[in-house]
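Here's a structure for you.
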């Protein structure tokens with residue numbers, strides 16, 4: 001890693017773990033210098049909020065630019081592809097140039113994209129802005145995941161759950177707030193402009209903070225201390241698990257309202273809000289209790305539960321019961337992705353930026369593939385089959401995690417202890 005990754009020695013003291021299977025105990029006597037953790041929370045809230053801007057304003061945007069649904073589909077594709085590029089490139093660049101340089105630049109790119117969208121005179125310019133914003137958002141997400149993996153060695157599961165909770169809260173708040181603003185008669189461009197200004201402020205604050213942390217040997221998935229040089233095959237299956245999870249989550253989120261078309265539109269959109277509220281609750285609960293268990297075990301159990309609940313939500317005959325089950329599915333799937341990232345960080349503690357980039361890019365790839373496929377499934381055999389397929393992807397996620405765990409840990413029973421025994 002670059003030399004700027006070692007800037008916290010002046011206030012960070014780390015003592016060795018007292019027992020196998022636990023990371024080093026961290027002491028931060030000066031609290032959180034510069035409010036870096038708070039900036040991480042703000043960044044992820046803005047990434048979640050920004051991800052729902054266009055979906056929340058699609059009717060107004062289509063009218064303004066005279067675009068069909070297919071045009072918006074192209075915009076989503078461009079944004080997602082640039083998000084993947086930003087995810088992969090930022091992991092490499094942070095290892096070469098340092099997080100303190102790349103992360104603020106990523107925030108500036110995100111702000112520039114949103115700003116360009118807010119003033120775009122043509123559809124082409126608007127799509128370019130979405131692509132630039134996607135590039136910056138991907139890099140911000142990877143950078144913050146890596147930062148939290150490096151800063152919170154013992155509490156990875158808790159820290160990542162709190163960070164991704166902020167994404168859920170941003171995504172949950174955007175449709176509600178933007179809908180209220182539109183009903184007040186405000187232009188759709190205003191939320192883009194305001195969000196751009198806020199992201200710019202966050203980027204400026206990041207540029208003035210010390211974002212470096214020392215890389216230390218920490219407990220891996222196998223419970224053994226490692227400097228980070230391991231055979232990458234476990235990471236492949238962790239990335240595959242991330243792709244399965246996000247494909248499932250985005251599939252449900254993208255098609256839930258359509259699946260419930262027998263219900264009034266207000267009820268169907270409420271169901272979508274409840275699903276996202278469940279995600280937020282699941283991550284909040286995980287932030288409190290997840291570090292009592294190995295992160296990969298939590299993710300595996302939640303993947304199995306997600307699959308079972310989603311299938312039940314599809315086959316149950318009552319719409320009310322189906323909506324309740326989708327809300328429960330949100331709760332149990334909420335912890336999965338942050339726990340996958342935490343597991344990857346434990347396996348490769350000296351390569352937090354790189355593994356975060358791989359996991360995030362794989363996750364976005366999953367979102368690119370399955371939600372569109374569900375449209376074809378709906379036309380062929382019915383949307384219920386596609387929604388049940390989302391449940392099966394949750395089970396596939398759990399299976400990939402089991403394989404990753406088997407590849408990463410030895411067979412002796414001593415490594416089956418929880419990663420942390422703190423309350």
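If we count other beta carbons within 10 Å of each Cβ, what is the order of 397, 166, 302, fewest first?
Exposure proxy ranking, most exposed first: 166, 302, 397.
So, one more: If you rank 339, 184, 374 by fewest surrounding Cβ atoms within 10 Å, what's the result?
Ranking 339, 184, 374 by Cβ neighbours within 10 Å, fewest first, gives 184, 374, 339.
Between residue 184 and residue 233, what's the calculated FRET efficiency when r is the beta-carbon distance and R0 is 56 Å? Round to 0.05.
0.55
Further question: Extending each Cα 7 Å along its Cβ direction at residue 373 and residue 210, get the distance between those two points in nm, one decimal.
That separation, rounded to one decimal, is 4.8 nm.
Can you give the extra length, in nm with one decimal, that the chain gains between residue 124 and residue 173 once fully stretched, where that is 0.36 nm per residue apart less the Cα-Cα distance?
Separation in residues times 0.36 nm, less the Cα-Cα distance, equals 14.8 nm.
Taking the Cα centroid of region 88-159 and of region 354-387, what is the distance between the two, rounded to the nearest whole Å?
Here the two parts' Cα centres lie 22 Å apart.
Got a sec? How would 187, 37, 124 order by Cβ neighbour count within 10 Å, fewest to most?
124, 187, 37
Place a point 7 Å from the Cα of residue 321 along the Cα-to-Cβ direction; which residues of region 275-300 have their backbone N under 20 Å from it?
Zone members listed by number: 275.
What is the spread of the Cα atoms of region 219-410 along each of their three principal axes, largest first, in whole Å?
That gives 55, 34, 25 Å along the principal axes, largest extent first.
Each reported figure results from applying straightforward, stated rules to the coordinates on display, with no laboratory input. What you see is a predicted model; the values in this text were computed from it and never measured. Positions of Cβ are generated from backbone atoms using ideal geometry, with glycine treated the same way; all protein chains shown enter the neighbour counts.
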